[in-house]
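Everything below concerns the one structure shown next.
No lab work stands behind these numbers, since they all come straight from the coordinates. Since this is a predicted model, take the numbers as computed values, not measurements. Here Cβ is always computed from backbone atoms with ideal geometry, including for glycine, and neighbour counts include all displayed protein chains.
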Amino acid sequence: MFESLHRLYGAQSHLIDGGRAREWAATFTPDGEFRSPTYPRPVVGTAELTAFAARFAADARAAGVTVRHVLTNVFAERMDERTALVHAYLQIVSTPDGGEPRLDRMTVVTDDLVRDDDSAGGRWLIARRVVRRDGGIERHERHDTKEQQR
């Protein structure tokens with residue numbers, strides 16, 4: 001499980017940072033959901049996720065910055081054979097052309113994962129991602145984990 005999660009999260013960061021929107025969106029389930037207080041509303045489904053990632057890359061190019069998603073401290077808990085809950089720290093770092101890098105946001109990511117048994121090797125996909133900013137006011141409801149539901 002942990003090797004496949006390492007590939008998932010490494011790919012995700014490189015894909016969105018490299019402007020590969022369609023491939024980034026494919027790391028989510030077809031009805032996958034992305035929630036972040038940085039954006040006004042949830043992004044749901046492959047088409048919206050693809051458009052979101054494409055806008056992200058276009059905005060960075062237009063601003064003349066290189067953006068990096070740095071995901072660390074991954075803590076994964078398998079809920080059952082087909083689902084897992086993952087918590088991780090995500091730093092968004094921007095470097096203006098010819099400038100110095102700066103930390104834009106420090107966040108905590110909580111992902112609900114499902115195993116895609118139809119893919120080779122049964123890769124993990126993100127069904128729901130909730131991002132929380134350090135020191136920020138949350139716009140979206142609290143993420144329910146299986147522990148909170150007990």
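Can you tell me the 0 to 90 degree angle between the C-alpha axis of helix 46-63 and the longest principal axis of the chain, rounded to 10? On a 0 to 90 degree scale, this one is about 20.
Taking every alpha-carbon pair under 8 Å whose residues sit at least 6 apart, the chain reaches a relative contact order of 22 percent.
Say R0 is 35 Å: what FRET efficiency, to the nearest 0.05, do Leu103 and Thr46 get from their beta-carbon distance? After rounding to 0.05, the efficiency reads 0.70. Axis of helix 2-17 versus longest Cα principal axis of the chain: the two differ by about 30°, to the nearest ten degrees. Distance between the modelled labels on Tyr89 and His14, one decimal in nanometres: 2.4 nm (7 Å Cα→Cβ projection). Once the Cα-Cα distance is subtracted from the 0.36 nm per residue extended length, the Arg68 to Arg55 segment shows a gain of 3.2 nm. For the chain, the Kirkwood estimate of hydrodynamic radius, built from reciprocal distances between every pair of different alpha carbons, is 16.0 Å. A crude spin-label estimate for the pair His6 and Asp116, with each label 7 Å from Cα along the Cβ direction, gives 2.1 nm.
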